[in-house]
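No lab work stands behind these numbers, since they all come straight from the coordinates. None of the values given here were measured: they were computed from a predicted structure. Cβ: placed from backbone, ideal geometry, glycine included. Neighbour counts: every protein chain shown.
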Amino acid sequence: MNSTKFTPRTKEEIDRKWWEIGDYFRRNSLWMLMYCTGCCAIELPPAMTSVYDMERLGMGPMATPRQADVLLVTGYLSLKTLRRLIYTYEQMSEPKYVVGFGSCTINGGIYHDSHAVINRLDQYIPVDTYVAGCMPNTESVMNGFVDLMELMKTKKADGWKRYHEHYDWYKENQKAALGEVEVHDEFHE
């Protein structure tokens, strides 16, 4: 007996339907990697507690970049931490999404005139959505997650695709800021 809702005719239709099912589950089970570099990180614990309960949206913290779907950048980035952030972003599997918290990721915030702080995160890695404010309140944080899910649903959260398409541009910006992007320490030699 054939279903009246969807009767696949071609392999492309079947593949498209499986991707739609995968997208539904992917946007309803987001695992986050928190890159906490500033004061915006203080708004994440209340979002996880019972008052706001981000787990009802299917979101939860993750310890490693290889298992995370969403990279949360919560605060200013110095040149030293930018190198680690790029390294972390490139370790994440695709599709991957970036959420920038606070005015520091947008324009440098109160550190905009510092020689050691970058002013625009989206010049170095693609940012899918921002949560504005200095520092954003917990309601704004939750709205930012809902906005990300809506962007995923409409297939507009495509920063990871833009990173591949404009890889040379991102690498030029990274090298201009850092000189060398590779991480050199006792773990990466």
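For the range 160-168, what does the Karplus curve 6.51 cos²θ - 1.76 cosθ + 1.60, with θ = phi - 60°, yield as ³J(HN,Hα) per residue in whole Hz, taken in order and with x for Gly and Pro?
5, 6, 4, 4, 6, 5, 10, 4, 4
Skipping prolines and chain starts, which residues have an amide H placed within reach, meaning under 5 Å, of the one on Leu71, given they are 5 or more residues away or on another chain?
Answer set, sorted by chain and number: Leu33, Tyr97, Val98, Val99.
Just for the range 1-156, what percent of DSSP beta bridges are antiparallel, to the closest 5?
Rounded to the nearest five, the antiparallel share is 5 percent.
Each residue of the range 113-120 in order: what ³J(HN,Hα) in whole Hz does its phi give by Karplus 6.51 cos²θ - 1.76 cosθ + 1.60, θ = phi - 60°, with x for Gly and Pro?
Going residue by residue, I get 9, 7, 6, 9, 10, 7, 9, 9 Hz, with x marking Gly and Pro.
Distance from a point 7 Å along Cα→Cβ of His112 to each backbone N in the range 67-106: keep the residues under 14 Å and list them by number.
Within reach of a label on His112, which here means backbone N under 14 Å from a point 7 Å along Cα→Cβ, the range 67-106 contributes 103-106.
Let me check against my output: what whole-number percent is the relative contact order of the chain, with C-alpha pairs under 8 Å and at least 6 apart?
After rounding, I find 20 percent.
Sorted by packing (mean other beta-carbon atoms within 10 Å per residue), highest first, where do 74-87, 154-167, 96-109 land?
Details: 74-87: 18.9, 154-167: 14.4, 96-109: 23.0.
So the order, starting with the most tightly packed, is 96-109, 74-87, 154-167.
Which pairs in the list Lys11/Lys153; Lys96/Lys156; Lys17/Lys96; Lys80/Lys171; Lys96/Lys153; Lys80/Lys161 are over 19 Å apart, alpha-carbon to alpha-carbon? Can you show the working numbers first?
Numbers: Lys11/Lys153 23 Å; Lys96/Lys156 13 Å; Lys17/Lys96 21 Å; Lys80/Lys171 16 Å; Lys96/Lys153 14 Å; Lys80/Lys161 26 Å.
From the list (Lys11/Lys153; Lys96/Lys156; Lys17/Lys96; Lys80/Lys171; Lys96/Lys153; Lys80/Lys161), the Cα-Cα distance tops 19 Å for Lys11/Lys153; Lys17/Lys96; Lys80/Lys161.
Can you give the alpha-carbon Rg of the chain over 2.2 N^0.38 Å, where N counts its residues?
Working: Rg = 18.3 Å, N = 189, 2.2 N^0.38 = 16.1 Å.
Relative to the 2.2 N^0.38 Å estimate, the chain comes out at 1.14.
In whole Hz, with x marking every Gly and Pro, tabulate ³J(HN,Hα) for the range 47-56 from phi via Karplus 6.51 cos²θ - 1.76 cosθ + 1.60, θ = phi - 60°.
Going residue by residue, I get 5, 8, 7, 5, 5, 9, 6, 5, 5, 5 Hz, with x marking Gly and Pro.
Contour minus end-to-end for Val146 and Trp18, with contour as 0.36 nm per residue of separation and end-to-end as the Cα-Cα distance?
On the way: separation 128, 0.36 × 128 = 46.08 nm, distance 2.33 nm.
Taking 0.36 nm per residue and subtracting the Cα distance, the gain is 43.8 nm.
Taking the chain as the reference, fit the longest principal axis to its C-alpha atoms, fit the long axis of helix 11-27 to the helix C-alpha atoms, and give the angle between the two in degrees, 0 to 90, nearest 10.
50
If R0 is 25 Å, what FRET efficiency do you get for Cys134 and Leu178 from their C-beta distance, rounded to 0.05?
Values: r = 26 Å, r/R0 = 1.02.
In this case the efficiency is close to 0.45.
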